[in-house]
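Computed from the coordinates by the stated procedures, all read-outs in this text should not be read as laboratory data. Predicted model only: the values in this text are computed from it and were never measured. Counting neighbours? That spans all protein chains shown, and the Cβs are built from the backbone with ideal geometry, glycine included.
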Amino acid sequence: MSSAPTTHTVIEPKVLYFGTPVTVISSLNPDGTTNIAPISSSWYLGHTVVLGIGTDGQTLPNLARERSCVINLPAAEHQQAVERLAPLTGCDPVPPVKRQQYRYEPDKFTAAGLTCTPSEFVRPARVAEFPVHLEATVAAIHEPADDNFAIVEARVVRVHVATDLVIPGTQYVDTNHWRPLMYVFRHYFELGRRRGRNFRADQ
């Protein structure tokens with residue numbers, strides 16, 4: 001027997017964050033240090049990662065200049081570290097649109113209680129505590145229809161996964177143990193369980 005039709009209501013939400021894994025992007029600053037920044041928009045096609053990057057931060061100019069990055073994927077247990085990163089920006093001075101909610105921080109690793117570790121194929125460092133690191137080169141940057149974000153295509157060239165998440169003797173991630181930190185309408189979840197709340201959440 002088929003289920004009954006669902007009743008729908010027309011709404012106009014501020015954002016369409018129906019659920020994506022939290023991603024922390026490592027990019028290289030002009031002075032050679034690594035900037036790390038959480039983003040909420042990423043999806044995957046084969047070894048290509050499509051990233052939505054805001055135009056008012058330090059990450060986009062770094063990617064445009066250096067053409068490489070690391071896509072770090074935190075586990076649910078890293079929610080607090082991600083949230084410590086959330087109100088920080090690598091831009092000095094802080095862009096006007098961010099001044100009420102963000103502050104400039106040149107050393108985000110220390111501020112978030114995280115550790116940098118060298119990459120193999122790209123210059124930006126990886127986040128040592130996070131269980132998945134995807135070293136990538138930037139294939140293309142698409143200018144947006146408005147001035148709020150850009151779409152970045154990145155090609156993964158090296159995959160690092162925590163040893164205890166790899167099924168022994170295989171190239172597979174153990175999905176019974178992989179617990180990604182998810183982002184749904186500015187709230188954090190662990191496979192359906194909410195872990196916390198982003199500082200920009202309306203409720």
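Points to keep in mind about this one:
- Annotation: Cα Rg of the chain relative to the compact-globule expectation 2.2 N^0.38 Å equals 1.06.
- Order of Asp31, Asp164 under a 10 Å beta carbon neighbour criterion, fewest first: Asp31, Asp164
- Ellipsoid equivalent to segment 1-80 - semi-axes via the Cα gyration tensor, in Å: 34, 15, 13
- The Cβ shell under 15 Å around Gly90 holds other residues with a net charge of 0, Lys and Arg each +1, Asp and Glu each -1.
- Hydrodynamic radius (Kirkwood) for segment 52-133, which is based on Cα pairs only, to one decimal in Å: 13.7
- For segment 109-202, the alpha carbon convex hull comes to 168 Å³ per residue, rounded to a whole number.
- Less than 5 angstrom separates the built amide H of Asp174 from those of Val166, Ile167, all sequence-distant by 5 or more or on a different chain.
- When peptides 122-131, 169-178 are sorted by average Cβ neighbour count within 10 Å, with the highest value leading, the order is 122-131, 169-178.
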